[in-house]
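See structure below.
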Amino acid sequence: MTSAVRQTHDSAVQRRVLWVLASGQVLGGLGMGAAISLGSLLVVQVSNNTAFAGFSSSMFTLGTAFAAIPLARLALRSGRRVALTTGTLMAAVGAVGVIIAASVGSVPALLVSIVLVGTGSAAGLQSRFAATDLANPERRARDLSLVVWATAIGVIIGPNLAGPGDLLGLELGLPELTGAFAITALAQLASGIIFMLFLRPDPLELSGGLGSANPTNKRGIGHAIRLLSNNVPAAAAVFVLAMSHAIMVAVMAMTPVHLAHLGVSVTVIGFTISLHTAGMYLFAPVFGWFADRVGRRSVILFGQALYLASLLINGFLAESVVAVTVSMVLLGLGWSASTVAASAGITDSIAPADKTTVQGFSDSVMSFAGAGGGLVAGVILAAVGYGLLSILVIALVVAASLAALLTRGRATTT
């Protein structure tokens with residue numbers, strides 16, 4: 001096969017991979033959007049304790065964190081197709097568990113089920129890296145961002161299904177606020193079926209990454225930490241991902257509770273979260289294009305500036321529903337810019353044989369940071385309120401901005 005023919009073949013395969021990943025992400029985002037918008041309210045209702053508000057997002061992100069590395073190992077052994085299918089099907093089981101736990105009024109069972117739902121998010125995070133397996137270096141951020149963008153369709157529609165989903169659930173005899181999780185179960189099941197049937201050929205296998213880290217010591221956390229300890233740009237990018245996710249989760253998870261205290265309806269809360277998630281995903285290709293053109297570092301710093309604007313608006317105008325809505329859009333845009341650019345920066349900075357291990361580790365760290373942010377934010381919200389919570393989170397923006405200065409500016413050919 002000549003070089004030109006091989007390039008044409010690889011481009012065709014990459015287009016197919018992107019279409020399959022994007023299709024799975026649409027459904028996955030639909031399910032997650034429906035669940036996240038009501039998760040915190042459901043936990044408060046079942047526990048009858050506002051201080052538990054942050055537990056929903058924290059358990060969700062803990063599920064993502066605990067699943068990220070095992071799914072990365074599974075991808076190394078069996079390919080992206082098996083790993084992504086496994087993650088989405090586990091999320092479907094978790095969504096069914098949420099409904100059952102709410103039916104019997106068990107807070108522990110509810111939280112464990114939400115952890116399982118979080119594995120779907122781990123699959124979604126891995127899918128963005130799957131988009132880079134066969135990507136040309138000069139298009140790496142754009143291909144990654146296209147899969148992130150596909151999630152927008154689901155996550156924008158998803159929160160708006162909160163109200164209709166709740167009504168549907170009540171018609172079916174389900175507990176209040178659990179109808180959205182029935183939608184989650186069906187959407188994650190459909191996403192898994194798409195990955196299993198159509199993600200062929202497997203992009204990781206074609207890129208030479210399948211089984212490239214066969215020795216056990218090259219699969220775990222220790223190996224990822226050793227790689228990052230000798231690679232400052234990659235380590236800085238992982239730190240930026242973690243801080244950026246912690247910022248987003250800490251504020252986003254508390255917003256439905258804050259709006260509910262202001263007397264806002266569930267439908268309006270769902271609409272606000274939809275605008276936030278639109279900011280997270282809808283403009284991802286724009287940030288991907290800029291990351292390829294002007295460099296990863298510049299786009300990360302722009303994302304942190306958007307975060308700062310969002311937090312200042314919340315801090316001083318927390319009682320205004322309109323201001324909080326604008327703030328949530330900016331929060332989503334900041335997450336998008338920072339996450340797309342930092343994720344591409346990680347792939348740029350790591351050798352192909354090690355990238356899956358480091359990618360899984362970065363997703364795990366990112367998710368643990370989000371879980372911690374949600375847990376701490378719930379306590380702070382109960383103690384000092386939403387406005388001061390937003391001001392305190394600015395410290396994380398400063399930390400991420402400083403770390404961004406150490407990231408790689410441009411893509412490499414690895």
_Sites S298 and V384, calculated FRET efficiency, Cβ-Cβ separation with R0 30 Å, nearest 0.05_ = 0.30
_Summed residue charge, Cβ within 11 Å of G288's Cβ, Lys/Arg positive, Asp/Glu negative_ = +4
*With only Lys, Arg, Asp and Glu charged, each at its Cβ (+1 for the first two, -1 for the last two), find how big the charge dipole of the chain is about the Cα centre; round to the nearest 20 debye.*
1240 debye
*Take V104, V340, V93 and order them by how many other Cβ atoms sit within 10 Å, fewest up front.*
V104, V93, V340
*asked:* From the phi angles alone, apply the Karplus equation (6.51, -1.76, 1.60; θ = phi - 60°) to the range 369-385 and give each ³J(HN,Hα) in whole Hz, x where the residue is Gly or Pro.
replied: 4, x, 4, x, x, x, 5, 5, 4, x, 5, 5, 4, 5, 8, 10, x
*Any idea what the dipole of the range 136-262 comes to, in debye rounded to 20, about its Cα centre with Lys/Arg Cβ at +1 and Asp/Glu Cβ at -1?*
640 debye
*Would you work out which of T325, A152, L172 lies farthest towards the positive end of the dipole of the chain, given +1 charges on the beta-carbon of Lys and Arg and -1 on that of Asp and Glu, about the Cα centre?*
A152
*Mind computing the radius of gyration and Dmax over the alpha-carbon atoms of the range 263-325? Å is fine for both.*
14.5, 45
*Spacing of the two label points (7 Å from each Cα toward its C-beta) at R77 and V13, in nm*: 2.4 nm
*What's the extension gain from L186 to A351 if we count 0.36 nm per residue and subtract their Cα-Cα distance?*
55.6 nm
*Would you be so kind as to identify which of L308, T357, Q25 lies farthest towards the positive end of the dipole of the chain, taking Lys and Arg as +1 and Asp and Glu as -1 on Cβ and the Cα centre as origin?*
T357
*asked:* At 0.36 nm per residue, and after removing the present C-alpha to C-alpha distance, how many nm does the segment from L206 to V398 gain when stretched out fully?
replied: 65.1 nm
_Is the C-alpha gyration tensor of the range 99-233 telling us rounded, prolate or oblate? Criteria: a/c under 1.5 is rounded; beyond that, a/b larger than b/c is prolate, otherwise oblate._
prolate
*So what does log10 I(q)/I(0) come out to for the range 269-375 at q = 0.13, 0.22 Å⁻¹, using the Debye formula with one equal point on every Cα and no solvent?*
-0.54, -1.20
*asked:* Taking 0.36 nm per residue of sequence separation and subtracting the Cα-Cα distance, how much length would be gained by fully extending the chain between F316 and A51, in nm to one decimal?
replied: 93.1 nm
*Just round it to a whole percent: the fraction of Cα-Cα distances in the chain exceeding 27 Å.*
45 percent
*Which Cα, out of T339, L389, A162, lies furthest along the positive dipole direction of the chain (beta carbon charges, K/R +1, D/E -1)?*
T339
*Under the Karplus curve 6.51 cos²θ - 1.76 cosθ + 1.60, θ = phi - 60°, whole-Hz ³J(HN,Hα) for the range 41-50, x wherever Gly or Pro sits*: 5, 5, 5, 5, 5, 6, 7, 6, 8, 4
*How big is the C-alpha Rg of the range 217-307 next to the rule-of-thumb value 2.2 N^0.38 Å, as a ratio?*
1.44
*About the Cα centre, charge dipole magnitude for the range 100-190 (Lys/Arg +1, Asp/Glu -1 at Cβ), debye*: 340 debye
*Binning at 10 Å from 0, report for the range 97-156 what percent of all alpha-carbon pair distances ends up in each bin.*
22, 32, 24, 16, 7, 0
_Suppose a student asked you for the relative contact order of the chain, using Cα pairs under 8 Å spaced at least 6 residues apart; what percent would you report?_
26 percent
*Once you list every other residue whose beta carbon is under 10 Å from the beta carbon of A237, what net charge do they have if Lys and Arg are +1 and Asp and Glu are -1?*
+2
*In what order do H258, H223 fall by count of nearby beta-carbon atoms within 10 Å, going from fewest to most?*
H223, H258
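Here, each number is a calculation from the coordinates, and none is a lab measurement. No experiment lies behind these values; they were computed from the predicted model shown. A quick note on method: Cβ atoms are made from the backbone with ideal geometry, for glycine too, and the neighbour counts reach across all protein chains shown.
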